[in-house]
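Have a look at the structure below before the remarks.
Please treat every number below as a calculation from the coordinates, not as lab data. Just so you know, these numbers come straight off a predicted model, no measurement behind them. Cβ placement follows ideal geometry from the backbone for every residue including glycine, while neighbour counts extend to all protein chains displayed.
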Amino acid sequence: MATPAPGPKDASPITAALNRAVLDALPFGDTQDFDDARRGLLAASPEVEIRNAQGRVVWTLRDYAFLADERAPATVNPSLWRQARLNLHHGLFQVTDRIYQIRGFDISNMTLIESDHGVIVVDPLISTEVARAGFELYTQHRGRRRIVAVIYSHSHTDHYGGVRGVVGDDDVSAGRVEIWAPDRFMQEVVTENVLAGTAMVRRALFQFGATLPRGPRGQVDAGLGKVTSRGTVTLIPPTRIVTQPIETHRIDGIEIVFQLTPETEAPAEMHMFHPGLRALNLAENATHNLHNIYPIRGAQARDANAWAKYLNEALDRFGRDADVAFAQHHWPVWGNGRVREFLGQQRDLYKYLHDQTVRLMNHGYKSAEIAERLALPRSLGGTWHVRGYYGTLSHNAKSVYQRYIGWYDANPANLNPLPPVERGRKYVEYMGGADAAIRRAREDFARGEYRFVAEAMSHVVFADPANTEARELGADALEQLGYAAESATWRNAYLLGALELRQGVPGTIARAPVSPDVVRAMSLDLFFDYLGVRINAEKADGLRIVVNWVFSDLDRCYVASLENSALTYLADRRSEGADATVTLERAALNRLVLREVAFADAVERELVRVEGDAGKVARLFGLLDDFALMFEVVEPRREPRTAPGRPGS
Ligand SMILES: [Zn+2]
């Protein structure tokens, strides 16, 4: 846009009043959480600011100094402000005898369990730089202890990505360090990161607000923690897999009862109970907020019913014998009575969400109606740890609905609506033109009808993205919604939406980052699936290409066929009539996927051998799209955005 866009605005009187009302509605006098978040603090680095090898800051709490003020400004929901202050606690904490946690070094916690001859690390954060710094803080205060095992509680990046910051391949391959993980861990890690990776990384910017400025008019928190660290993401595959519903192991003198909890917060996840220490680690299934049945970054909808079931089983099996419950985010809960109450309330939260959504669904309510109608049961409304700082009842209810009956509300008027641009144009036409729509929207804005103003202005922007007035009014509406939101993820989404309406899409990051460790861990099947989702159907129209792929060091062969613009494959098959046979080692494949080498160069450097029609193979690579990360979200996609894939790209 030609003129400099206006920056964040103040809270409107209506938003300020909404936020003030929160102060009366919730029990702010209950400060138990602050006591718990501080309890056991052994050491903190005064300024948690961590840089990578190039000097770039990958984690800092310095920008959150504004949260020192106990009173929320009018631009932040006081309930979220409280959570944001709680999440600011950082350092090394003692949980109980032998159990310590590093908190505030990333969005997640690293748990350290002192075993007979060393220490067990549970969840080494997102990136190596913060994991190393956290472990260093631990070492300074508890002495240098050898890491005997790493446990990944589940398959999300914030629970494994920093692993190479604390252990190396040598230690693992020599058997000096065991790496434990729940069943299906690797499959889930890799599939979540690869096929839908670009879309999720872009959308995650809206969820976590990592690129938003920090401050009372910007990002204050992510609900589950401050924000995600931005260092080097790694992965060392597990060497020990928990496959049974309950498995008990002794790791260097520490007894651990693993409870698998598949299809809960992550598809592969597990709780851990330490009978000798009377301590229960709930991974990420019971934290100090309502979690996500569906994170707004995008994911497959999770199973709220299974979530409740596994929490109930944990309560039943371990509740009597636990004096402390903790998780891989937030702070612990101490005392057997409180542990049981906490677990019971968390269980009921997910069960209530599930059952009431399904009940209303069977009464014929549509997902938007259920989301609007569902409120916490009165008995839980004043319980801080069930509030929606991360997930919300609203978007979670829609996700429960979606898991059972999908996106369609069964009203045929919604079966095949016009897509956003065409719909926007018709709405604007029906509203009497853009100027008339904006005029009415200003009146609604003054009345605090921000939800509809945001929607109406979105139609105008999709009809005409150059309409500055509509963009600004839409941004103003999103901003007020963000200021009033109790959920950090909603606030981040609204505020980033406002920012992009005002300033457009920043074009800084070209591609979604892919961890080399994740690429190395991809199965060959997944590699061909990944090629398939990059085939540009229009360019592939009418082509038929059959290629044998021989992985010489693995003794595996695949035949991949392109026909009808679809790439299919069969493992351990070879086609006699193939156009070409490509022979390569797995390491060369990794380099191709990571774009360290282009296909043509790989052939030239004899990393890849092609027999038969090499032109056809080059043609196949020429059909692959590249995905640009920073696609438009709050305005129409600019076409054509994607550069055609070069042969070998
Ligand atoms: Zn997590």
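Only Cα sites of the chain enter the Debye sum here, all with the same form factor; the resulting log10 I(q)/I(0) across q = 0.08, 0.09, 0.12 1/Å is -0.65, -0.83, -1.38, listed in q order. Loop-located trypsin sites (Lys or Arg not before Pro) in segment 523-610 (DSSP state not H, G, I, E or B) with no more than 14 neighbouring Cβ atoms inside 10 Å: R544, R573, R574, R595, R605. Against the compact-protein benchmark of 2.2 N^0.38 Å, the Cα-based radius of gyration of segment 545-649 scales to 1.20. Ordered by the count of other Cβ atoms within 10 Å of each Cβ, fewest first, T191, T60, T228, T31 give T31, T60, T191, T228.
Determine the calculated [θ] at 222 nm for the chain from helices alone, applying -39500 (n - 2.57) to every DSSP H run no shorter than 4 residues and normalising by the residue count; nearest 500 deg cm²/dmol. After summing the helix terms and dividing by the residues of the chain, the value is -11500 deg cm²/dmol. Classify segment 85-212: rounded, prolate or oblate, from the alpha-carbon gyration tensor (a ≥ b ≥ c, eigenvalue square roots; a/c under 1.5 rounded; otherwise prolate if a/b is larger than b/c)? Verdict is oblate for segment 85-212. Restriction of the trypsin sites (Lys or Arg not before Pro) in segment 8-50 to DSSP coil positions whose beta-carbon has at most 15 other beta-carbons within 10 angstrom yields K9, R39. Check cross-link reach from K616 to the aspartates and glutamates: straight Cα distance under 19 Å, and skip same-chain residues fewer than eight apart. Leaving aside aspartates and glutamates fewer than 8 places away in the same chain, those within reach of K616 are E538, D541, E563, E576, D579, D601, E604, E606, D625. The charge dipole of segment 480-562, taken about its Cα centre with unit charges on the Cβ atoms of Lys, Arg (+1), Asp and Glu (-1) only, comes to about 240 debye. Estimated at 0.36 nm per residue, the fully extended path between D355 and A196 surpasses their Cα-Cα distance by 54.3 nm.
Remark: the chain carries a charge dipole of roughly 820 debye about the Cα centre, counting +1 on each Lys and Arg Cβ and -1 on each Asp and Glu Cβ.
At a Förster radius of 22 Å, what calculated FRET efficiency corresponds to the Cβ-Cβ distance of D541 and D625, to the nearest 0.05? Rounded to the nearest 0.05, the efficiency is 0.95.
In straight-distance terms, cross-link reach from K309 covers every one of the lysines whose alpha-carbon lies under 21 Å from its own, apart from those fewer than eight places away in the same chain; here that gives K351, K398. With contacts taken as Cα pairs under 8 Å at a separation of at least 6 residues, segment 360-442 carries a relative contact order of 25 percent. As a length-normalised measure over Cα pairs under 8 Å and 6 or more apart, the relative contact order of segment 494-649 settles at 25 percent. Legend: translational diffusion of segment 362-464 by Stokes-Einstein, Rh = Kirkwood radius over C-alpha pairs, 20 °C, 1.002 mPa s; D = 131 µm²/s. Annotation: amide H-H contacts under 5 Å for L629 (H modelled 1.01 Å from N, sequence separation of 5 or more, or interchain): R511, A512.
Computed from label points 7 Å out along Cα-Cβ, the spacing between E47 and V505 is 3.6 nm.
Applying 0.36 nm per residue to the separation of A566 and R338 and subtracting their alpha-carbon distance, the gain on full extension is 76.5 nm.
Toward the positive end of the charge dipole of the chain, with +1 on the Cβ of Lys and Arg and -1 on the Cβ of Asp and Glu, the farthest Cα among A463, I405, V546 is that of A463.
When the charge dipole of segment 201-357 is built from unit charges on Cβ atoms (+1 for Lys and Arg, -1 for Asp and Glu) and taken about the Cα centre, the candidate among F258, A306, N292 whose Cα reaches farthest toward its positive end is N292.
A full extension of the chain between E429 and R38 corresponds to an added length of 135.0 nm, given 0.36 nm per residue minus the alpha carbon distance. Only beta bridges with both residues in the chain are counted; by DSSP, about 75 percent of them are antiparallel. Of the trypsin sites (Lys or Arg not before Pro) found in segment 407-491, those that fall in a DSSP loop while having at most 14 other beta-carbon atoms within 10 Å are R447. Along the axis of the charge dipole computed for the chain (Cβ charges of +1 for Lys and Arg, -1 for Asp and Glu, origin at the Cα centre), the listed residues G29, I102, L277 are led at the positive end by G29.
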